[in-house]
1. Residues of the stretch 303-320 being surrounded by fewer than 17 Cβ atoms within 10 Å (Cβ to Cβ) and among the charged types (D, E, K, R), which ones?
2. Residues that are touching a residue at least 40 places away in the same chain (Cβ under 8 Å) and under 30 Å from H332 (Cβ atoms), at least 3 per element: which strands (runs of 3 or more DSSP E) completely within the stretch 1-111 meet that?
3. Residues being of a type in the set (K, R) and surrounded by fewer than 20 Cβ atoms within 10 Å (Cβ to Cβ): count how many of those fall in the stretch 33-63.
4. Kindly check whether there is at least one residue in the stretch 302-314 that is within 19 Å of the chain's Cα centre (by Cα), farther than 24 Å from L143 by Cα and without any contact (Cβ under 8 Å) to a residue 40 or more places away in the chain.
5. For the stretch 63-113, give me each residue that is of a type in the set (A, V, I, L, M, F, W, C) and within 16 Å of the ligand (Cβ to nearest atom).
6. For the stretch 64-81, what are the residues that are surrounded by 12 or more Cβ atoms within 10 Å (Cβ to Cβ) and over 17 Å from G144 (Cβ atoms)?
7. Tell me the residue from L136, L143, L121 that is closer than 22 Å to H46 by Cα, touching a residue at least 24 places away in the same chain (Cβ under 8 Å) and hydrophobic (A, V, I, L, M, F, W, C), please.
8. Output yes when any residue across the stretch 211-220 is among the polar types (S, T, N, Q) and more than 30 Å from S52 (Cβ to Cβ), and no when none is.
Amino acid sequence: MKALAVTPRKKYSAHLRDVPVPDIGDSEVLVRSVRAGVCGTDREIHEGLYGSAPRGVDYLVLGHESSGIVESVGRSVHGFEKGQYVVRAVRRPCDGCANCSAGANDMCSSGNFSESGIKELHGCMAEYFKDESRYLIQIPADLGGVSVLLEPLSVVEKVLRQARTIQQRLVWRPKTAMVIGAGPIGILQAMLLINEGMDVYVAARSAPGNLKSRLAESIGAAYVSTSCTSFENIVKQIGSLDFVVEASGDSSMAFQAIDAAGNNGVVCLTSITCGNKEVSVPSDKVNLNAVLGNKVVFGSVNANIIDHYNGVRSLKKFMDRWPDVVNAMFTHRVPLQQYERAFESRSDDIKTTIEIS
Ligand code: BGC
């Protein structure tokens with residue numbers, strides 16, 4: 001079968017290669033890949049900045065935003081049947097840290113976890129992939145076509161779940177939130193917070209009137225462009241923010257996000273920035289406001305299995321409430337054979353997918 005692979009740490013090494021269809025063991029499921037999402041992490045792996053191959057081979061099959069259909073199931077697998085849509089959880093536990101042992105692979109303390117399509121485990125950008133049934137999330141048939149959004153949505157669910165847990169330190173009734181960045185994570189995060197009843201601002205670079213601003217406004221968020229007004233002025237005009245989620249992919253925004261949160265506010269940083277950008281920061285001001293405002297700043301990556309199940313429920317709600325917006329997020333569909341086009345950068349792109357079968 002064909003698979004899209006890279007030579008990890010080698011610049012622009014993505015290539016199609018022939019690999020065997022995986023054999024499944026008794027507790028495994030063979031999945032026919034329908035499509036895979038492409039995100040900043042895949043682009044950084046393709047650029048040689050990130051990623052590592054499974055032990056014993058020098059290539060990594062890409063793809064961690066999966067969507068597929070069960071092809072066959074191992075003898076001891078229950079509850080899965082041929083024809084069902086499934087999505088694969090990305091992270092696998094390390095060999096025994098307290099969090100992985102408790103099922104929280106997303107909070108691995110040792111760093112020795114593996115991640116499909118990213119770190120030491122082949123991904124889903126192949127005609128078939130296999131996995132243990134416990135790492136596969138079943139998707140209702142009516143959500144199958146958009147289920148490739150579940151992986152980024154699980155990341156977004158984790159952000160909110162953790163913010164709520166952390167904010168149990170006080171009485172927290174978040175009313176106003178800001179999401180920085182209007183890519184898939186930004187839009188999905190905004191949908192989730194609006195569904196929770198918050199007033200949401202989406203701040204991004206693109207000038208108003210583009211697809212990103214139109215989608216943000218269609219779900220009831222206020223879109224603010226940092227190319228028209230400085231971020232500092234935008235925040236001054238809004239007033240106090242209870243919750244700020246940084247998802248712009250620009251590390252310098254992390255410090256602005258911290259400063260943007262109001263008293264008792266919580267800031268979540270989600271951008272994975274593999275470069276070596278340096279900026280100067282008004283550290284006295286940012287620090288003073290964080291201390292005097294009792295702010296919390298936390299980083300968040302990956303997601304627990306709970307976040308995937310919450311994500312399936314949210315995806316259903318989003319499809320009921322904003323079907324056109326969810327569908328409009330799919331801006332660029334690329335057949336597997338033309339994978340190079342999936343790595344081109346386009347300013348109006350929200351979610352690029354590689355269409356596999
Ligand atoms: C993925 C996460 C993963 C992270 C770090 C992100 O793009 O969505 O599942 O944990 O990259 O490798």
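The values are calculated or read from the model by the stated rules, or taken from the named source; none is laboratory data. Worth saying up front: this structure is predicted, and the values here are computed from it rather than measured. A quick note on method: Cβ atoms are made from the backbone with ideal geometry, for glycine too, and the neighbour counts reach across all protein chains shown.
1. Answer for the stretch 303-320, where residues must be surrounded by fewer than 17 Cβ atoms within 10 Å (Cβ to Cβ) and among the charged types (D, E, K, R): R313, K316, K317, D320.
2. 2-6, 28-38, 65-73, 85-88
3. Total satisfying the criteria: 2.
4. No, the stretch 302-314 has no match at all.
5. If the condition is that a residue be of a type in the set (A, V, I, L, M, F, W, C) and within 16 Å of the ligand (Cβ to nearest atom), then V87, A89, V90, C94, C97, C100, A104, M107, C108, F113 are the ones that fit.
6. H64, S72, V73, G74, V77
7. L121
8. Yes, there is a match, as at least one residue in the stretch 211-220 is among the polar types (S, T, N, Q) and more than 30 Å from S52 (Cβ to Cβ).
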